[in-house]
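Below is one structure, written out as structure tokens; comments come after it.
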Amino acid sequence: MVKRWRIHPHDPARIRDIEQVAGVSPVIAQILSVRGVTDLREIRRFLEARLTDLAPPDQLPGCISAAKRIVTAVREGKCICVYGDYDVDGMTSTAILRRCLKLLGANVRYHIPCRMDEGYGLHDDYLRRVAQSDPGAVVITVDCGITSIEQAQTAKELGLELIITDHHEPGETLPEVGHIVHPRLPGVESGFELYSGAGVAMKLAWAICQEYWGAAKVPTRFQEFLVQAVGIAALGTIADVVPLLGDNRILVKNGLKLLQCRNVPTSVSGEAASASTPLDDAVSGGVSSVADAPSDGDLPGVVSASDSVPSDGDVSDSIPSDSVTNSSSVGASSKPTPRLSCITAGIYQLLRVAELTERSSIEAEDVAFRLAPRLNAAGRLGQALLAAELLITDDPQRATDLANHVDKLNNDRQTLERKVYLGADRQAKERFDPENDPALVLADRDWHPGVVGIVAGRLAEKYNRPTILISQDPLCMRPGTGSARGVPELNLVEALGACREYLVRCGGHASAAGLAIEDAQINAFRNAFCDYVADKIGQASEPELMIDAEVPIGMVNEHFLAELDRLAPFGQANRRPILCATRVYLAEKPRCIGNGQNHLSLTLMQGNGRIRGVAFGAGSRAVEFEEHVGAWDIAFRPVWNVFRGRRSVELHLEDWRPSEP
């Protein structure tokens, strides 16, 4: 689809001020200005993103009271059940809280619902099973539960204590429970509005550790856990596509550096439990902060991988091929107390299958496009519990087996995704008018429910239309499962709420949501949803490509990219800068590369500058360069290309057009 290019307006005087204050080049100063980072304190906080700037947990609504109750439950020996979600945010949230409670010696179990059999959210059946096996248990939700009104009543009737931690949009009525930890409780301004579920879980774990020890300074072992939790929370924060600003930026920037640590836990005896520093300084251990890029041995608890701790029996030792039990319990271990490292054995093996263990640095895009898809694949194919165990385990062999398994699941997911995408795109063109309809609502019985969200996102981007894909039950016995992806002008939660009468249930975020719907209601829902979108935003406008600055390609070198890296991590609300260059020529004919020849490789020239460019998914557009042999204007993201341990600079092309005479 043709895009309209627009360069962000900027104030030259303001850019000169930022240059002087931050000591950066004019282009970097212009990008900071575009991001709205303009005064001295904001610039320092943005560029450094120190853990010392992380807000304490007492600023998160409900966090301290919930932590007090959880610590009491641990000391009372109550069974505590952590209930998560089947996406990466839910898995990481589950892993953080389970590891925290296990460290305290709690009687802890965890459960993640099966996407196909149970669906999203807290379920009455699970609560009944818990009440039968562990009367009076404490159930803690992570990354879900804020709209579980009926389930809260069920828990109360069953004699269970329910604590809700979530970050999704609250409804008009909150569940009737004793404790809710949520960054956006009605009437509360916390400054945490942008948090992911993993961020909420990390703050709660921090508060639990402090409450358990009765001080802000906790023993070394708990310090190490909290540092480890930062890395796990970074995975969930990136995967959930929340804005990488404020605390999220701090978690991700430091968490990515922690993920670079290559050693994993070992068993050691005589672990010291003397009080040390709080989380703010927990990464010191020989360095001033995580901002000093850690190497092996810089961070506390980083030791050799030989002698790693065996699995504590969370799940059966065999990996099921077709199904998996969705509940696990933890027993006490008689093994020596393990020394924690910056990453778990499971995360190390996840990095291995994603071919990231040899990287000198790990970027947010690596998490988004290499790590998160592998974890999400397990959730999409009904095996989220195994992915959660992968994040939790410190058993090297179990970690290896699980990582290999989720890697295979990801390959299976890619095959399913391609099949569903082709069918959905064909349906959109044959039955509807994707170029002119206000929205797309597509449904089919052959579409796997685990991949409809990914495909909906691809079609929403392709046609610049809100898109909903519905996987109908092949046996016509259950409601269809739908995933919605939107455009910036539309709030999907509000849009689905306006069509609530046609749905069994719905919920999610402004730009990504889910629903369940009976087959008989699909046509009526489609009409109502399209009418709402047309009334709310009209026909979607021609998509814009926002460009941060214009630069000659000869300027895009290693020094420039190293300076650009100071703005990382890149993601939602802090995207990797898009730059443009005009009157660029091709040095040779473009080549189609990759599986299926889906991508384009180009050699670009401008003046004395020469650089490689890659256009992903644009293999079919190679003909454009045959039809026009003159100069081109290009819009691109400058990136590092890492090949066999060597880094070079290349351009990832976003768009291009013939230069005007």
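Observations, loosely collected:
- Helical runs assigned H by DSSP (4 residues or longer) give the chain a calculated mean residue ellipticity at 222 nm of -11500 deg cm²/dmol, each run adding -39500 (n - 2.57) before division by the residue total.
- Simple point charges give the picture: +1 on the Cβ of Lys and Arg, -1 on the Cβ of Asp and Glu, and for segment 586-661 a dipole about the Cα centre of about 560 debye.
- Other residues with beta-carbon under 15 Å from the beta-carbon of Leu561 carry, at +1 per Lys or Arg and -1 per Asp or Glu, a net charge of -1.
- Length gained when the stretch Ala534-Val629 is fully extended (0.36 nm per residue, less Cα-Cα span): 30.1 nm
- For Asn608 and Arg418, the FRET efficiency from 1/(1 + (r/R0)^6), where r spans their Cβ atoms and R0 equals 35 Å, is about 0.25.
- For segment 355-366, the Karplus equation 6.51 cos²θ - 1.76 cosθ + 1.60, evaluated at θ = phi - 60°, returns couplings of 6, 10, 5, 9, 5, 6, 8, 10, 10, 4, 5, 5 Hz by residue, with Gly and Pro reported as x.
- Gained length - Ser659 relative to Ala516, 0.36 nm times residue gap less alpha-carbon distance: 46.7 nm
- Of Thr154, Met477, Ser33, farthest towards positive along the dipole that unit charges on Lys, Arg, Asp, Glu beta carbons give the chain: Ser33
- Additional length obtainable on full extension of the chain from Arg647 to Glu430, 0.36 nm per residue less Cα span: 73.6 nm
- Rg(Cα) / (2.2 N^0.38 Å) computed for segment 441-583, rounded to two decimals: 1.35
- Modelled spin-label separation between Arg75 and Arg566, with each label point placed 7 Å from Cα along the Cα-to-Cβ direction: 4.9 nm.
- Using R0 = 22 Å, the C-beta based FRET efficiency linking His559 and Ser601 works out to 0.35.
- Fraction of accessible area attributable to carbon and sulfur, segment 404-555 (%, probe 1.4 Å): 47 percent
- For Cys592, net neighbour charge (Lys/Arg +1, Asp/Glu -1) across residues whose Cβ lies under 14 Å away: 0
- Gln20/Ile593 FRET efficiency (R0 41 Å; Cβ-Cβ; nearest 0.05): 0.40
- A 1.4 Å probe run over the protein chains yields, for segment 462-614, 46 Å² of accessible area per residue, whole-number rounding.
- Other residues lying with their Cβ under 9 Å from the Cβ of Arg485 contribute a combined charge of 0, Lys and Arg counting +1, Asp and Glu -1.
- Modelled label positions at Ser133 and Ser65, each set 7 Å beyond Cα in the direction of Cβ, lie 3.0 nm from each other.
- Per-peptide packing, taken as the mean over residues of other Cβ atoms within 10 Å, places 432-444, 370-382, 6-18, 481-493 in the sequence 370-382, 481-493, 432-444, 6-18 from highest down.
The values are calculated or read from the model by the stated rules, or taken from the named source; none is laboratory data. A quick note: this is a predicted structure, and the numbers were derived from the prediction, not measured. Every residue, glycine as well, gets a Cβ built from its backbone with ideal geometry; the counts of neighbours run over all protein chains shown. Just so you know, the surface numbers come from the protein's heavy atoms only, side chains and all, with ligands and any DNA or RNA stripped out. Shrake-Rupley method; radii C 1.70, N 1.55, O 1.52, S 1.80 Å.
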